[in-house]
There are 2 protein chains.
Amino acid sequence: MEFSSKLLQNAVNEMAQLPGVGKRTALRLVLHLLKRPKNQTEEFAKAITQFRENIKLCKNCHNISDVDLCEICSNHKRQTEIICVVEDIRDVMAIENTSQFLGHYHVLGGKISPMEGIGPHQLTIESLVDKVKAGKVEEIIFALSSTMEGDTTNFYIYRKLKDFPIRMSAIARGISVGGELEYADEITLGRSIINRVPFEQSIKNTH
Amino acid sequence: MEFSSKLLQNAVNEMAQLPGVGKRTALRLVLHLLKRPKNQTEEFAKAITQFRENIKLCKNCHNISDVDLCEICSNHKRQTEIICVVEDIRDVMAIENTSQFLGHYHVLGGKISPMEGIGPHQLTIESLVDKVKAGKVEEIIFALSSTMEGDTTNFYIYRKLKDFPIRMSAIARGISVGGELEYADEITLGRSIINRVPFEQSIKNTH
């Protein structure tokens, strides 16, 4: 794409570096800014820059936070001895929306992925091991997505922690509530049969 | 969506004001910034702000430009007496890519759209009329998209200019080159029959 303006070209190139944004979409987004008042673009740029400059990670769970210790970690009503291991803040938000988990989180900041050059040392795994070593953890719940990378990361952490006297569990995989069996993939359906739960328990959970 | 951080919330809200970007996509884009070095986010914000602050519109054709008179308008090899009327810079880029047009452009900056509150006075129609009044224009080519708004805008300009001694034409609508007749919509196919061209001319154009 050739542009008549260097300023436009720069703006489009920068916008196109966002994931899932190609050159054409970037041009559309940048031209949209021209239709809005100048100060709105300033505010946009300011919000993005301030976020990147000043954002903190909670020193306990490594979730995104404005303060040193995030709201969840500083909430005394939550159980400190159960830790749910997740990839990033989106998973924390999703689980918080269920209101079914009252423990703490541990945000890894990604998954082990040799393809993307992400090794265990770029994640917050050491800090999780330290928490377990300190002896106050009773259970770790793995809640990573069930991809190759997620499974690898789970297994890496499992091996690091298997000699400590803690329970380790993974969130249940199965047919979604309200889901039709005939449309489910075989692997999910198979796991839902292998990991079946006692009927009394299943009634208690859904009602 | 509830966020654990005001900074994150601001950044997501600003990002979500871009067209076609919802809250979830905005969150994904903003979290992506965290994975890149800080200076990249600074450069992103700088490019966007500088574009919005310093961008100029060519004083002749109103296209986006870094200088007062854009490259096309200042190119002496181009015909000044044929003017192609387009909506925005994307249309200019698309037509330039064909290398089939050697006249000047006139960028309207939008289409008349009562639904979006865009009237003729927000577009650069007056400036086009002035050019015609100055007497150096021989032909106007309408190249707006063939929507209700595009047709309305074409007709509005046509009425303003119909008493001047100039030709007014519209780009041809028809079956795309290489397109199959059976998959074309009826309106396009119908217009391609009504606006058929002499066979000798059609050979000359495609080979």
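Structure notes:
- Axis-nearest residue in chain A [Cβ, rotation onto B], distance in whole Å: A:A45, 2
- Comparing each chain alone with all protein chains together (probe 1.4 Å, DNA, RNA and ligands left out), the residues of the range A:81-122 losing at least 20 Å² of accessible area are A:I89, A:R90, A:M93.
- Remark on the range B:78-171: ratio of C-alpha radius of gyration to 2.2 N^0.38 Å is 1.02.
- Derived scalar couplings between HN and Hα for the range A:146-163 equal 8, 10, 3, 5, x, 5, 4, 5, 3, 5, 4, 5, 4, 5, 5, 10, 5, 8 Hz in order, rounded to whole Hz, by the Karplus curve 6.51 cos²θ - 1.76 cosθ + 1.60 (θ = phi - 60°), x for Gly and Pro.
- Share of carbon and sulfur in the accessible heavy-atom surface of chain B [1.4 Å probe, %]: 52 percent
- Label-point distances for A:E116 to the equivalent site in the other copies, using a point 7 angstrom along Cα→C-beta, read 3.5 nm when ranked shortest first.
- Computed magnitude of the charge dipole of the protein assembly as shown (debye, nearest 20; Cβ of K, R +1, Cβ of D, E -1): 660 debye
- Annotation: amide H of B:I112 within the under-5 Å range of B:T153, sequence separation 5 or more or interchain, hydrogens built in the peptide plane.
- Relative contact order for chain B: 12 percent, from Cα pairs under 8 Å spaced at least 6 residues apart, divided by residue count.
- Starting from the label point of A:M93 at 7 Å along Cα→Cβ, the same points in the other copies fall at 3.0 nm, in ascending order.
- Distances from A:K23 to itself in the other copies, using label points 7 Å out along the Cα-Cβ axis, amount to 3.5 nm in increasing order.
- Given their separation in residues at 0.36 nm each and the Cα-Cα distance between them, B:H32 and B:K204 gain 56.8 nm when the chain is fully extended.
- Table column - 3J(HN,Hα) (Hz), the range B:37-46, Karplus curve with 6.51, -1.76, 1.60, x for Gly and Pro: x, 4, 5, 5, 5, 4, 5, 4, 4, 5
- Label-point separation in nm, B:R159 to A:K162, each point 7 Å along Cα→Cβ: 8.1 nm
- Evaluated over the range A:3-78, the Cα radius of gyration and Dmax, each in Å: 18.0, 60
- The longest part of chain B holding none of the exposed loop GluC sites (Glu not before Pro), meaning those outside H, G, I, E and B in DSSP with at most 11 other Cβ atoms within 10 Å, is B:3-179.
- Buried accessible surface for the A/B pair, both sides summed and rounded to the nearest 100, is 5100 Å² with a 1.4 Å probe.
- Relative to the longest principal axis of the Cα atoms of chain A, the long axis of helix A:23-34 lies at roughly 70 degrees.
- For the range A:1-158, the Kirkwood radius over C-alpha pairs fed into Stokes-Einstein at 4 °C and 1.567 mPa s yields D = 70 µm² per second.
- Beta bridges assigned by DSSP with both partners in the protein assembly as shown are antiparallel in approximately 20 percent of cases.
- Label-to-label distance, A:S145 versus A:E186, with points set 7 angstrom from Cα along the beta-carbon direction: 2.4 nm.
- Solvent-accessible surface of the protein assembly as shown, taken per residue with a 1.4 Å probe and all protein chains present: 61 Å².
- For the protein assembly as shown, the alpha-carbon coordinates run over 92, 49, 38 Å along the three principal axes, in decreasing order.
- Cα-projected label distance for A:V197 with B:D130, points at 7 Å along beta-carbon direction, nm: 7.3 nm
- Here's how it looks for B:A170: its modeled amide H is under 5 Å from those of B:F142, which are all 5 or more places away or on a different chain.
The values are calculated or read from the model by the stated rules, or taken from the named source; none is laboratory data. Remember, it's a predicted structure, so these values are computed and weren't measured experimentally. Reconstructed Cβ throughout: ideal geometry from the backbone, glycine too, with neighbour counts over all protein chains shown. Note: accessible area is taken over every heavy atom of the protein model, side chains too, but ligands, DNA and RNA are not part of it. Shrake-Rupley method; radii C 1.70, N 1.55, O 1.52, S 1.80 Å.
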